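Here's the structure, in structure tokens; my notes come after.
The values are calculated or read from the model by the stated rules, or taken from the named source; none is laboratory data. Given the structure is predicted, the values throughout are model-derived calculations rather than measurements. Here Cβ is always computed from backbone atoms with ideal geometry, including for glycine, and neighbour counts include all displayed protein chains. For accessibility, only protein heavy atoms count, side chains too; no ligands or nucleic acids. Shrake-Rupley method; radii C 1.70, N 1.55, O 1.52, S 1.80 Å.
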Amino acid sequence: MIDTTTPVQDQPVLNKTAFGEDFAWGVATAAYQIEGAHDTADKGPSIWDVFTSRKGKVKQNHNGNFACDFFNCYPGDLLLMQSMGIPDFRFSLSWSRLLPNGTGNVSRQGIGHYDRLVDNCLELGITPWVTLYHWDLPQSLEKKGGWANRDIVDWFAEYTALCGHAFGDRVKHWMVLNEPMVFTGAGYFLGVHAPGRRGFSSFIPAVHHAVLCQAEGGRILKSIDTSAEVGTTFSCSHIEPLRQREQDFQAARRVDALLNRLFLEPALGLGYPLDDLKFMRRIEKYIMPGDENKMPFDFDFIGIQNYTREIVRHSFWTPFLRANLVSAQKRGVPYTVMNWEVYPESIYHMLHHYSQYSDIKKLVVTENGAAFADELVDGEVNDQRRLDFLQRYLQQVLRAKQEGVKVDGYFVWSFLDNFEWAEGYTPRFGLVHVDYETQQRTVKNSGLWYRDFLNEKADSGGERG
Ligand code: FCB
């Protein structure tokens, strides 16, 4: 791992008040990555339980069976969050905990669990921000075709209505989907995430059905509670061509359409960006009469999740997209344990990029963070690189906000170290270190900084080595 993150001493002072009084400050998590308790309290298997049980799918064959045991440890974890002065907590619901078979029988134990979690947040003065779907589809639905089966629109509607009715009296901030580009692309096209399917035949219908579900979920939540703030989240990366050449510009345009526009534009009523993604034209065969009216939904906020930027070059040999991403290592720039370039301006560009869509009411950064090789030494984790990363990205959020971008929240990914999907437990993203043997939590220095920043004790951007 190279350590070339530039220190932040020359940057302007980071001060929470500069972001405004209504700015939401939080941490983000997802059910499968932290809960554990994979087969207790009625929970049915999800695609991630099955995928991780197959040899060679996840590094070191890790799985989320126990993870951070958040299912049992949440009372202590919420107390810790409160002690750090973190006011907003984003977590996801496990569909197969609530509906073990995906549809039909409701698990009272599942409902009871999330009832207690939500109540506990509220008792501590922590606002719950709930994601309906963060990638853990019930396996029984995958057996019926999963996201590639159009019936998912009905399955998802049933699940959404259940959640809205069960928790909507207390949960006032919702996100429908987490990063549909990643769960369809990695799960149904590349096969590197659950359910491990490959190729266009599953991917293309999965994209369309996710677009329908994202809007339908929004409509259902709003119909249950018109006062709820309903959003959805998108992965996004600032895209640049490698060289100032027409072919690379065109390649960058295609990658931008795929990574940054494919799921957003239909939600805004703009349809799919097919002019820039000709190979996606086969999606038209899945668009049924009337779907044009079902794809848009007027979200109260759009969640953007940004970690890095991508540099793109034309590649004749790459089918369909005719583009390649040039890795950070090859370019000799700083990168994290995920091999993602550290590039704070990316978040600034993405905030501007999305704020150009006049129908977006507001933006919330629902994820941003970094994995570095942390070490716990004498009860301390001195994660200076994460601390620098967060400060530098936050500076760019503030810069965009001061230029008029409507960004009203920021959530660090993540509260705890957790199960990082196909990468297993090696990348640690938490503000809080987790010892997976003992379930001991240790607040890292970045977490101490975030605490001081949120409580306005850090007026100069924190400790700067
Ligand atoms: C995002 C995911 C989240 C986490 C971070 C690192 O793509 O939404 O679950 O894995 O990346």
Legend entry - First in region 395-418 and touching a residue at least 60 places away in the same chain (Cβ under 8 Å) and of a type in the set (S, T, N, Q), second anywhere and open to solvent by 10 Å² or more (accessible area, probe 1.4 Å) and away from the ligand (no atom under 16 Å from the Cβ), Cβ under 6 Å, 6 or more apart: Gln395/Gln11
Inset, instruction - State yes or no: is Asn339 touching a residue at least 12 places away in the same chain (Cβ under 8 Å), open to solvent by 60 Å² or more (accessible area, probe 1.4 Å), out of contact with any Pro (no Cβ under 6 Å at 6 or more places or on another chain) and within 16 Å of the ligand (Cβ to nearest atom)? - result: yes
Inset, instruction - Hey, can you tell me all the residues within region 36-81 that are in contact (Cβ under 8 Å) with a residue 24 or more places away in the chain, among the basic types (Lys, Arg) and either open to solvent by 40 Å² or more (accessible area, probe 1.4 Å) or outside any loop (DSSP other than H, G, I, E, B) (or both)? - result: Arg54, Lys57, Lys59
Legend entry - Only one of Lys401, Lys457 that is in a helix (DSSP H, G or I) and either out of contact with any Ser or Thr (no Cβ under 7 Å at 6 or more places or on another chain) or over 22 Å from Asp69 (Cα atoms) (or both): Lys401
Legend entry - Single match in Glu375, Glu380, Glu345 (criterion: surrounded by fewer than 19 Cβ atoms within 10 Å (Cβ to Cβ), of a type outside the set (Ser, Thr, Tyr) and free of Cβ contacts under 8 Å to residues at least 12 places away in the same chain): Glu375
Inset, instruction - Return the pairs, sorted by first residue and then second, in which the second residue is modelled with pLDDT under 95, the first residue lies in region 96-108 and is in a loop (DSSP other than H, G, I, E, B), the beta carbons are less than 7 Å apart, and the residues are 6+ apart or on different chains. - result: none
Inset, instruction - Go through Arg331, Arg309 for me and flag whichever is open to solvent by 10 Å² or more (accessible area, probe 1.4 Å), away from the ligand (no atom under 16 Å from the Cβ) and in contact (Cβ under 8 Å) with a residue 12 or more places away in the chain. - result: Arg331
Inset, instruction - Hey, could you check region 168-196 for residues that are in a helix (DSSP H, G or I) and surrounded by fewer than 22 Cβ atoms within 10 Å (Cβ to Cβ) and say which is nearest to the ligand (Cβ to nearest atom)? - result: Val182
Legend entry - Failed item, numbered, when Thr442 is tested on (1) more than 16 Å from the ligand (Cβ to nearest atom); (2) assigned to a helix (DSSP H, G or I); (3) surrounded by fewer than 20 Cβ atoms within 10 Å (Cβ to Cβ); (4) of a type outside the set (Asp, Glu): (2)
Inset, instruction - Output the number of residues of region 284-306 satisfying the condition of being open to solvent by less than 30 Å² (accessible area, probe 1.4 Å) and either modelled with pLDDT under 95 or of a type in the set (Asp, Glu) (or both). - result: 2
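Considering every residue within region 349-356, establish whether at least one is within 16 Å of the ligand (Cβ to nearest atom) and not aromatic (Phe, Trp, Tyr).
yes
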